[in-house]
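For reference, the structure is listed below as structure tokens.
The values are calculated or read from the model by the stated rules, or taken from the named source; none is laboratory data. Predicted model only: the values in this text are computed from it and were never measured. Here the Cβ is made from the backbone with ideal geometry for all residues, glycine too, and neighbour counts use every protein chain on show. Heavy atoms of the whole protein, side chains included, go into the accessibility calculation; ligands, DNA and RNA do not. Shrake-Rupley method; radii C 1.70, N 1.55, O 1.52, S 1.80 Å.
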Amino acid sequence: MSRVVTWSGNTSSADAAAAFERCVEHAGGGTFVMGHAHLRDDGRLVVGAISGDTIMKCGVDEFGVRTSTTDPARHPVRETGFGLPLSTGYDDRLAATVVGYAGDDVVAVNFRIPDGRVIPARVRQGVYLLGLPAETNHDYGDLTHEAFDATGAVIPGR
């Protein structure tokens, strides 16, 4: 299994790389490219990654590693446009972190939550990672978003 590690976030690159290594060990195969890593206020280090048509969300904390992946047979992410958020197992009263596929041409995504606030997601390698505030109602169907390309233009339909 090969690994390509890139890093950005609010924790050290060494911690992010170590968490990513633990995550891909649990993924069970494939060549995963790390998206963003984000250290949540509750101590979970969440990593988003992509492998072919599969996206992975992984949380690492003192209790171990938990992963969620898409099923490429049922949901080929690169054919979906924008979406397929992975949120299962990471919602709690402290916060929620959503990982999904944005598209290879997307470099930025802004989400609007129902109270009107705009929250920028982190985007890398076609994967977005969105950290929602603790007080947010975690009904992902109520989120709207705008996706942007490298020139800063809104990408229609994404």
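For the range 100-115, does any single residue satisfy the condition of being modelled with pLDDT under 80 and open to solvent by 70 Å² or more (accessible area, probe 1.4 Å)? No, there is no match, as no residue in the range 100-115 is modelled with pLDDT under 80 and open to solvent by 70 Å² or more (accessible area, probe 1.4 Å).
Scanning the range 45-78 for residues that are over 26 Å from Val106 (Cα atoms) and basic (Lys, Arg) returns a single hit, Arg66.
So, of the residues in the range 116-137 that are of a type in the set (Gly, Ala, Ser) and either touching an Asp or Glu at 6+ places or on another chain (Cβ under 7 Å) or within 29 Å of Gly52 (Cα to Cα) (or both), which turns out to be modelled with the lowest pLDDT? Can you show your working first?
So in the range 116-137, the residues of a type in the set (Gly, Ala, Ser) come out as 116, 121, 126, 131, 134.
From what's left, either touching an Asp or Glu at 6+ places or on another chain (Cβ under 7 Å) or within 29 Å of Gly52 (Cα to Cα) (or both): 121, 126, 131.
Details: Ala121: 86, Gly126: 81, Gly131: 77.
The residue in question is Gly131.
So for the range 43-56 (the condition being in a strand (DSSP E or B), open to solvent by less than 30 Å² (accessible area, probe 1.4 Å), hydroxyl-bearing (Ser, Thr, Tyr) and at pLDDT 75 or above), does at least one residue qualify?
yes
Among the residues of the range 21-42, those that are under 18 Å from Asp53 (Cα atoms), open to solvent by less than 50 Å² (accessible area, probe 1.4 Å) and touching a strand residue (DSSP E or B) at 6+ places or on another chain (Cβ under 7 Å) comprise Cys23, Val24, Ala27, Gly30, Phe32, Val33, Met34, Gly35, His36. Restricting attention to the range 72-82, does a residue exist that is modelled with pLDDT of 80 or more, over 17 Å from Leu130 (Cβ atoms) and open to solvent by less than 40 Å² (accessible area, probe 1.4 Å)? Checked against the condition, which is being modelled with pLDDT of 80 or more, over 17 Å from Leu130 (Cβ atoms) and open to solvent by less than 40 Å² (accessible area, probe 1.4 Å), the range 72-82 yields no hits at all.
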